[in-house]
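A.B. asks: This is the structure I have questions about; it appears just below.
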Amino acid sequence: MGATLTYHMNRLQSLDVPEDYCVTLNAGGLIDSSKVLRRLVYYHPLYTREAVQAQSRWQEISGRHRTHFCGAYWFYGFHEDGLRSALRVARTLGVNC
């Protein structure tokens, strides 16, 4: 098991409800089952040294032969990184964003 982390969803998602909703990662059996609404298994990319080195070479390959590359894997792997990557490609295509 990795590090345990809890997100307060009311704050992150601006939930205007009386109940507190939290998302906890890697808690194992630490949370009372009667308090759990749903259990999900997610996987986050594990980057190799080679993958991290390739991230710095994006400008060398993206745009060659009219092929552009975007995806969360160009940064840390979070969905925000997917958007960041897409905006980077859009800007190279002349889109003002």
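A.B. asks: Which condition number does Ala90 fail, the rest of (1) surrounded by 10 or more Cβ atoms within 10 Å (Cβ to Cβ); (2) at pLDDT below 95 being met?
C.D. replies: So Ala90 meets the others, but not (2).
A.B. asks: Say we look at region 60-85 and pick out the residues that are touching a Ser or Thr at 6+ places or on another chain (Cβ under 9 Å) and farther than 26 Å from Asn26 by Cβ; which of these is surrounded by the fewest Cβ atoms within 10 Å (Cβ to Cβ)?
C.D. replies: Step one: filter region 60-85 for residues touching a Ser or Thr at 6+ places or on another chain (Cβ under 9 Å), giving 61-63, 68-75.
Then drop every residue that is not farther than 26 Å from Asn26 by Cβ, which leaves 61-63, 68-70.
Details: Ile61: 12, Ser62: 16, Gly63: 14, His68: 17, Phe69: 14, Cys70: 19.
Only one residue fits best here, namely Ile61.
The values are calculated or read from the model by the stated rules, or taken from the named source; none is laboratory data. All values reported here derive from a predicted model rather than from experimental measurement. Using ideal geometry, Cβ is built from the backbone for each residue, glycine included, and neighbour counts are taken over all protein chains shown.
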